[in-house]
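Q: Below are the structure tokens for one structure; questions will follow.
The values are calculated or read from the model by the stated rules, or taken from the named source; none is laboratory data. Nothing here was measured: the structure is a model prediction, and the numbers come from that model. Cβ placement follows ideal geometry from the backbone for every residue including glycine, while neighbour counts extend to all protein chains displayed. Side chains included, ligands, DNA and RNA excluded: accessible areas come from the protein's heavy atoms. Shrake-Rupley method; radii C 1.70, N 1.55, O 1.52, S 1.80 Å.
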Amino acid sequence: RGRVEFEHVGFAYNEDRPILKDITFSIEPGRKVAVVGPSGAGKSTLARLLFRFYDVSSGRIVIDDQDIRQVTQQSLRAAIGIVPQDTVLFNESIFYNIQYARPDASREEVEQAARHAHIHDFIVNLPQGYDTIVGERGLKLSGGEKQRVAIARVILKNPVILVFDEATSSLDSQSEQAILAALREVAEQHTTLVVAHRLSTIVDADEILVMEAGQILERGTHATLLARD
Ligand code: ADP
Ligand code: ADP
């Protein structure tokens, strides 16, 4: 389970300006596809179509032989885990923020997810550990730390499909390394769509789509794309 297909997908926020044009690709169950390209190419828009943040203007998106417009919002949400570019956390404990993904999860499961997200060491070294409150009146986390909390959430949720809209370009390199390591671990078990800003961050993707101005210009593996440059 977890096969994703984009079939001739077109999308426009406003009718007079198409953002995505005839996008076709598929991701086999458990495989990882990365989308790279310059800012404004339409990468985030493409990722958002997959969880129906917006609906396609033409073509269709199919998950396991079902057009996603025929799937209930509830089961689509259950199937897809999202690590958004800017993670917004509750002004609550780190524990609460991770467990939110699955309220019935035990303390052990939450901590295990944090370990896999490479944020456990950071958390245990805080004065209150997992019970440290974040946000306005608490600890301010960096972008990378917040993103790792979001990854821990997704690991706990254990969805079939993972959408990772990375923003590592603006992260400190320590966070970036931790996030890439976490991503590699999570992606091994899930069908994954990664929006990447740099080719160097997605060395191990099964297929890389190079996007520009709403179209796929090139596709290949990291090695074949580098060879063409
Ligand atoms: P990327 O992720 O590759 O940087 P985006 O998908 O964010 O690209 O944006 C693609 C284009 O769509 C850009 O021209 C952007 O300005 C436009 N865009 C993004 N979001 C919206 C929106 N909510 N309404 C209108 N235009 C948008
Ligand atoms: P669940 O249905 O399993 O409770 P949610 O739908 O609440 O999961 O979302 C899980 C994660 O995905 C959360 O981190 C949430 O912020 C994120 N998320 C959900 N829907 C969207 C969306 N439309 N845009 C961006 N992020 C989203």
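Q: Out of residues 5 or more away from M211 or on other chains, whose amide H comes under 5 Å of its own, with H placed 1.01 Å from N in the peptide plane?
A: It is V36, G37, L217, by chain and number.
Q: So if I place +1 on the C-beta of Lys and Arg and -1 on the C-beta of Asp and Glu, and nothing else carries charge, what would the dipole magnitude of the chain be about its Cα centre? I want it in debye, nearest 20.
A: 220
Q: Further question: Which is the longest part of the chain that has none of the trypsin sites (Lys or Arg not before Pro) sitting in a DSSP loop with at most 10 other Cβ atoms within 10 Å?
A: 2-136
Q: Then there's this: Over the stretch 1-149, what percent of the accessible surface lies on carbon and sulfur atoms, probe 1.4 Å?
A: The nonpolar share, carbon plus sulfur, comes to 46 percent.
Q: Further question: Taking GluC sites (Glu not before Pro) that fall in a DSSP loop and have at most 16 other Cβ atoms within 10 Å as cut points, what is the longest piece of the chain between them?
A: Here the longest run is 16-91.
Q: Work out from phi, with θ = phi - 60° and the Karplus expression 6.51 cos²θ - 1.76 cosθ + 1.60, the ³J(HN,Hα) of each residue of the stretch 103-108, listed in order in whole Hz, and give x for Gly and Pro.
A: x, 8, 5, 7, 4, 4
Q: Can you work out the FRET efficiency for the pair N91 and S142, with r the C-beta to C-beta distance and R0 = 25 Å, to the nearest 0.05?
A: Plugging the Cβ-Cβ distance into 1/(1 + (r/R0)^6) gives 0.90.
Q: How much length is gained on full extension from S75 to E7, taking 0.36 nm per residue of separation minus their Cα-Cα distance?
A: So the chain would gain 22.4 nm between S75 and E7.
Q: Cross-link partners among lysines for K21, C-alpha distance below 29 Å, same-chain residues fewer than 8 apart left out?
A: Counting by Cα, and skipping residues close in sequence, K21 has these lysines nearby: K32, K43.
Q: Based on alpha-carbon atoms only, what is the radius of gyration of the chain relative to the globular estimate 2.2 N^0.38 Å?
A: For the chain, the normalised Cα radius of gyration comes out at 1.03.
Q: With the other protein chains left in place, how much accessible area per residue, in square angstrom, belongs to the stretch 82-136 at a 1.4 angstrom probe?
A: Counting only protein heavy atoms, the per-residue value for the stretch 82-136 is 57 Å².
Q: What ³J(HN,Hα) values, in whole Hz, does the Karplus curve 6.51 cos²θ - 1.76 cosθ + 1.60 give for the stretch 51-59 when θ = phi - 60°, with x put for Gly and Pro?
A: Result, ordered by residue: 9, 6, 5, 10, 9, 4, 8, 8, x Hz.
Q: Per DSSP helix of 4 or more residues, -39500 (n - 2.57); summed, then divided by the residues of the chain. What does that give at 222 nm, rounded to the nearest 500?
A: Mean residue ellipticity at 222 nm (helix-derived): -9000 deg cm²/dmol.
Q: I would also like to ask the following. Do any chymotrypsin sites (Phe, Trp or Tyr not before Pro) in the stretch 74-132 lie in a DSSP loop with no more than 12 other beta carbon atoms within 10 Å, and if so, which?
A: Those that pass, being in a loop and sparsely packed, are F90.
Q: Hey, another quick one. For R102 and S57 in one chain, what is 0.36 nm times their gap in residues minus the Cα-Cα distance, to one decimal in nm?
A: 12.9 nm
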